[in-house]
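Engineer: Can you keep this structure in mind? I'll have questions shortly.
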Amino acid sequence: MEVTRDAFRGIRLGGKLRVDITGYLFISPWLIGFLVFTLGPFLFSFYLGFTQWELLSPPEWVGLANYQRLLVDEKFRVSLYNTGFYALFHVPGLVILSFLLAVLLNNQVKGRAIFRTLFYIPSIVPAVASALLWVWILHPQFGLLNVGLRFLGIEGPNWLGSTRWVKPSIVLMSFWSIGNTVIIYLAGLQSIPQSLYDAAEVDGANGWNKLLHVTVPMVTPTIFFSTVMGVIGSLQVFTAAYVLTEGGPGYASYFYVLYLYFTGFRWFNMSYASVLAWVLFLLTLTLTLIQLRISNRWVYYEAALE
Amino acid sequence: MNQRQYIHTTAFDRQNLAFSRLLRVKRFGARSLIYALLVVGSAMYSVPFFWMVTTSLKTMGDILRFPPVWIPIPPRLQNYLAVWDVLPFNRFLANTAVLTGLSTLGALLSCSVVAFGFARLRFRGRDFFFTLLLATMMLPSQVTLIPQFALFRWLGWLNSLKPLIVPAFFGNAFYIFLLRQFFLGLPRELDEAALIDGAGTFDIFWRVILPLAKPALSTVAIFSFIFNWNDFFRPLIYLTTPDKMTLAVGLQLLRGRHGGDYNILMAGSTLAILPVMVVFFFTQKTFVQGIALTGLKG
């Protein structure tokens, strides 16, 4: 009896183990990559935050010195402020503009595909090429924007050279590349069942009502998704600032990741850069969790009700 | 309608007709407004390209002029040649092509294998690891940046494409997620039929599931292409001499050499954008489907 039971268990163990091994074999590329390129570095950068390391000699333990430096670091504060400013204007603008464009594109008009393409293409352009283009567009005398304004009788400012206008310029620039998000909203809009609109019409809703009371609620999951992704992306704004202004004029466009990059790869202060990276991570995590928490109150999931 | 028809209508009918005519006019008005907005909007989004190309064909004299010269005649193609003079553009193109090609290959191979594991195989810890995978998508890349740099430096891989290509063979959370969703949608009967025919797990993967995954694989390939072609941050960190640089990094060198020569800058930008445009035109449908996929599940 015992032997049989053990033998049976043995076979079952063998079977399950085999399945396990196969499974792990299949995901091993990711698993190995995760350990080597993600988890390992993640933990190591935490460790680095407590050291002083400039690549030339081995890291030297300094305890909380780097974190103390953070508290008095002006550039840290300025870069956080600049990044926050950018996020504050970029994310709502992104959501509203993408939604509106998607609503426009969702109509059955002729040449709809062409319009969609035109709005989408700028988002696949290399960021560097786009930045160079915008340097030229924002040129104070002969750039497209100021030339256009001059025709309207307005004398535009030195967009990238003014501490007042450089951040708004970069925000404006970012709206050129929202094509990705527009498509996501389009998909969201197209998944709204027509029956809801028909029901609303029966209740006497006009176009505006339908938009406000059917479209918007049904699209809240998409809004949530794009907001979360938008915030995460905004915190990491880099290329535009690097190519356009390198943080200037003064520190007006000195964004957080730009500061991180300079710290680690211009001044080679690897340990302090790690601290900056960890602060970014914690900030991102906190903001994402907060958004997740609040989402229950305003995001409407059709599936949840069924 | 003629008089005979009119006699047979009731007041109710007539009012109905008038109302629907009004609706039609209203709908037409709304339609026109939408169309106008679309035209204006898309024009605003396209004008920068037009501006870029015309600038690239002008002389500096034409550029620094108001009112602007809208279309340069004759177009000055030497600007494009000038780009080649200043920068080793061929090297940039070659490096970018190698980076993009190999990374995409690596992504396709590794992500499909991993996605199959998560989608089709049952093993202990599967859901835990999948959640972990999803969590890594939220991790800012800057957190792992410095130690990765240190690792590659220790390996002697700095100033080469290796730090950029090798990780691609170890999977990418986003593509794995996409492919897994796709695999989950494939009917299990196919697996079972293959099993009955005596196929091993890998056979099922390679011969049954993968061939059916062409749409999803194309989407991943295109995303990977665009990402790697346009990637700026990572090449900036790892590639330090011009002969190793990719298009993205090399292009901004142009600003150092020709800072004020906007015509040459625009020529460089146009050259950098062209390949991506071409790829897009040939693969539009897959593109848009792919983007939609990412948002729906979010």
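Engineer: Which members of the stretch B:112-149 meet the condition of being assigned to a helix (DSSP H, G or I), of a type outside the set (Phe, Trp, Tyr) and more than 8 Å from chain A (Cβ to nearest Cβ)?
Structural biologist: Scanning the stretch B:112-149 gives B:Ser112, B:Ala115, B:Ala119, B:Arg120, B:Asp127, B:Thr131, B:Leu134, B:Ala135.
Engineer: Any idea how many residues of the stretch A:113-125 are closer than 15 Å to A:Ala187 by Cα and either exposed (fewer than 14 other Cβ atoms within 10 Å of the Cβ) or modelled with pLDDT under 85 (or both)?
Structural biologist: Total meeting the criteria: 1.
Engineer: Would you check which residues across the stretch A:42-68 are in a helix (DSSP H, G or I), surrounded by 13 or more Cβ atoms within 10 Å (Cβ to Cβ) and either more than 14 Å from every other protein chain (Cβ to nearest Cβ) or touching a strand residue (DSSP E or B) at 6+ places or on another chain (Cβ under 6 Å) (or both) and list them?
Structural biologist: Applying the first criterion (in a helix (DSSP H, G or I)) to the stretch A:42-68 yields A:42-48, A:65-68.
Going one step further and asking which of them are surrounded by 13 or more Cβ atoms within 10 Å (Cβ to Cβ), we end up with A:42, A:44-48, A:65-67.
Residues satisfying the conditions are A:Ala65, A:Tyr67.
Engineer: Additional query: Looking only at the stretch A:184-203, how many residues end up being under 30 Å from A:Ile124 (Cα atoms) and either within 16 Å of the chain's Cα centre (by Cα) or hydroxyl-bearing (Ser, Thr, Tyr) (or both)?
Structural biologist: 3
Engineer: So, one more: Between residues in the stretch A:261-275 that are more than 8 Å from chain B (Cβ to nearest Cβ) and within 17 Å of B:Pro140 (Cβ to Cβ) and residues that are β-branched (Val, Ile, Thr) and not in a loop (DSSP other than H, G, I, E, B), which pairs lie under 7 Å by C-beta distance while being six or more apart or on different chains?
Structural biologist: A:Tyr272/A:Thr263
Engineer: Would you confirm whether any residue within the stretch B:193-212 is under 30 Å from B:Ser160 (Cα atoms) and not in a loop (DSSP other than H, G, I, E, B)?
Structural biologist: no
Engineer: Considering every residue within the stretch B:286-296, establish whether at least one is at the interface with chain A (Cβ under 10 Å from one of its Cβ atoms), out of contact with any His (no Cβ under 9 Å at 6 or more places or on another chain), part of a helix (DSSP H, G or I) and modelled with pLDDT of 85 or more.
Structural biologist: Taking the stretch B:286-296 first, the residues at the interface with chain A (Cβ under 10 Å from one of its Cβ atoms) are B:287-296.
Checking which are out of contact with any His (no Cβ under 9 Å at 6 or more places or on another chain) leaves us with B:287-296.
Okay, now just the ones that are also part of a helix (DSSP H, G or I), so B:287-296.
Now drop any that are not modelled with pLDDT of 85 or more, which leaves none.
No.
Okay, residues lined up against (1) touching a Pro at 6+ places or on another chain (Cβ under 6 Å); (2) within 29 Å of A:Ala113 (Cβ to Cβ); (3) surrounded by fewer than 14 Cβ atoms within 10 Å (Cβ to Cβ); (4) in the same structural domain as B:Ile273 (by TED's automatic domain parsing):
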residue: B:Ser32; (1), (2), (3), (4): no, yes, yes, no
residue: B:Gly41; (1), (2), (3), (4): no, yes, no, no
residue: B:Met52; (1), (2), (3), (4): no, yes, no, no
residue: B:Thr55; (1), (2), (3), (4): no, yes, no, no
residue: B:Met60; (1), (2), (3), (4): no, no, no, no
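Engineer: Looking at (1) among the aliphatic types (A, V, I, L, M); (2) within 12 Å of chain B (Cβ to nearest Cβ); (3) over 22 Å from B:Leu251 (Cβ atoms), which is the only condition A:Leu152 fails?
Structural biologist: Every listed condition holds for A:Leu152 apart from (2).
Engineer: Restricting attention to the stretch A:91-150, which residues are within 19 Å of the chain's Cα centre (by Cα) and part of a loop (DSSP other than H, G, I, E, B)?
Structural biologist: Once the filter is applied, which keeps residues that are within 19 Å of the chain's Cα centre (by Cα) and part of a loop (DSSP other than H, G, I, E, B), the stretch A:91-150 yields A:Val125, A:Pro126.
Engineer: Would you be able to say whether some residue in the stretch B:199-213 is in contact (Cβ under 8 Å) with a residue 60 or more places away in the chain, of a type in the set (Gly, Ala, Ser), away from chain A (no Cβ under 14 Å) and surrounded by 14 or more Cβ atoms within 10 Å (Cβ to Cβ)?
Structural biologist: So far as the stretch B:199-213 goes, yes, one or more of its residues are in contact (Cβ under 8 Å) with a residue 60 or more places away in the chain, of a type in the set (Gly, Ala, Ser), away from chain A (no Cβ under 14 Å) and surrounded by 14 or more Cβ atoms within 10 Å (Cβ to Cβ).
Engineer: Picking from B:Asn159, B:Asn95, B:Asn79, B:Asn90, which residue would you name as being outside any helix (DSSP H, G or I) and more than 8 Å from every other protein chain (Cβ to nearest Cβ)? Can you show your working first?
Structural biologist: Working: B:Asn95 fails: outside any helix (DSSP H, G or I); B:Asn79 fails: outside any helix (DSSP H, G or I); B:Asn90 fails: outside any helix (DSSP H, G or I).
Of the residues listed, the single one that is outside any helix (DSSP H, G or I) and more than 8 Å from every other protein chain (Cβ to nearest Cβ) is B:Asn159.
Engineer: Next up: Please work out which one of (1) within 24 Å of B:Val114 (Cα to Cα); (2) touching a residue at least 60 places away in the same chain (Cβ under 8 Å); (3) touching a Leu at 6+ places or on another chain (Cβ under 7 Å) is the condition B:Met245 fails and give its number.
Structural biologist: Among (1) within 24 Å of B:Val114 (Cα to Cα); (2) touching a residue at least 60 places away in the same chain (Cβ under 8 Å); (3) touching a Leu at 6+ places or on another chain (Cβ under 7 Å), B:Met245 violates only (1).
Engineer: Right, next: Might you let me know whether the stretch A:165-175 holds any residue that is more than 14 Å from every other protein chain (Cβ to nearest Cβ), in a loop (DSSP other than H, G, I, E, B) and modelled with pLDDT of 90 or more? If you could, list the steps in order and put the result at the bottom.
Structural biologist: Here is the first cut: in the stretch A:165-175, the residues more than 14 Å from every other protein chain (Cβ to nearest Cβ) are A:165-168, A:170-171.
Narrowing the set further to residues that are in a loop (DSSP other than H, G, I, E, B) leaves A:165.
When the remaining residues are screened for being modelled with pLDDT of 90 or more, the result is A:165.
The answer is yes, given that some residue of the stretch A:165-175 is more than 14 Å from every other protein chain (Cβ to nearest Cβ), in a loop (DSSP other than H, G, I, E, B) and modelled with pLDDT of 90 or more.
Engineer: Condition (residue is facing chain B (nearest Cβ under 9 Å), out of contact with any strand residue (DSSP E or B) (no Cβ under 8 Å at 6 or more places or on another chain) and crowded, with 18+ Cβ neighbours inside 10 Å) applied to the stretch A:82-100: is it met by at least one residue?
Structural biologist: no
Engineer: Regarding the stretch B:279-293, can at least one residue be identified that is farther than 30 Å from B:Thr59 by Cβ, among the aliphatic types (A, V, I, L, M) and buried (at least 20 other Cβ atoms within 10 Å of the Cβ)?
Structural biologist: Yes.
Engineer: Name the one entry in B:Leu271, B:Leu253, B:Leu236 that is closer than 20 Å to A:Ala131 by Cα, part of a helix (DSSP H, G or I) and more than 21 Å from the chain's Cα centre (by Cα). Steps first, answer last, please.
Structural biologist: On the way: B:Leu271 fails: more than 21 Å from the chain's Cα centre (by Cα); B:Leu236 fails: more than 21 Å from the chain's Cα centre (by Cα).
Exactly one of B:Leu271, B:Leu253, B:Leu236 is closer than 20 Å to A:Ala131 by Cα, part of a helix (DSSP H, G or I) and more than 21 Å from the chain's Cα centre (by Cα), namely B:Leu253.
Engineer: While we're looking at this one, here's another question. Would you pick out the residues in the stretch A:264-276 that are part of a helix (DSSP H, G or I) and farther than 25 Å from A:Pro126 by Cα?
Structural biologist: The answer is A:Met270, A:Ser271, A:Tyr272, A:Ala273, A:Ser274, A:Val275, A:Leu276.
Engineer: Are any residues in the stretch B:79-131 among the aromatic types (Phe, Trp, Tyr) and within 24 Å of B:Leu195 (Cα to Cα), and if so, which ones?
Structural biologist: B:Phe116, B:Phe118, B:Phe123
Engineer: Here is a further query. Here is a list of conditions, (1) farther than 30 Å from B:Ser269 by Cβ; (2) at pLDDT below 90, and A:Gln141 meets all of them except one; can you say which number that is?
Structural biologist: (1)
Engineer: Additional query: Mind listing whichever residues of the stretch A:101-120 are hydroxyl-bearing (Ser, Thr, Tyr) and more than 10 Å from every other protein chain (Cβ to nearest Cβ)?
Structural biologist: Within the stretch A:101-120, the subset hydroxyl-bearing (Ser, Thr, Tyr) is A:117, A:120.
None - no residue of the stretch A:101-120 is hydroxyl-bearing (Ser, Thr, Tyr) and more than 10 Å from every other protein chain (Cβ to nearest Cβ), so the list stays empty.
Engineer: Test A:Val257 against the stated conditions and say whether it is aliphatic (A, V, I, L, M) and under 18 Å from the mean Cα position of the chain (by Cα).
Structural biologist: Yes, satisfied.
Engineer: Which ones in the stretch B:66-76 are surrounded by 14 or more Cβ atoms within 10 Å (Cβ to Cβ) and within 10 Å of chain A (Cβ to nearest Cβ)?
Structural biologist: Within the stretch B:66-76, B:Pro68 is the sole residue that qualifies.
Engineer: Then there's this: Output the number of the condition that B:Gly106 fails; it satisfies all remaining conditions of (1) on the phi < 0 side of the Ramachandran plot; (2) surrounded by fewer than 19 Cβ atoms within 10 Å (Cβ to Cβ); (3) of a type in the set (Gly, Ala, Ser).
Structural biologist: Single failed check for B:Gly106: (2).
The values are calculated or read from the model by the stated rules, or taken from the named source; none is laboratory data. Small disclaimer: the values here were computed from a predicted structure and weren't measured. When we count neighbours, we look across all protein chains shown, and the Cβ atoms used for this are built from the backbone with ideal geometry, even at glycine.
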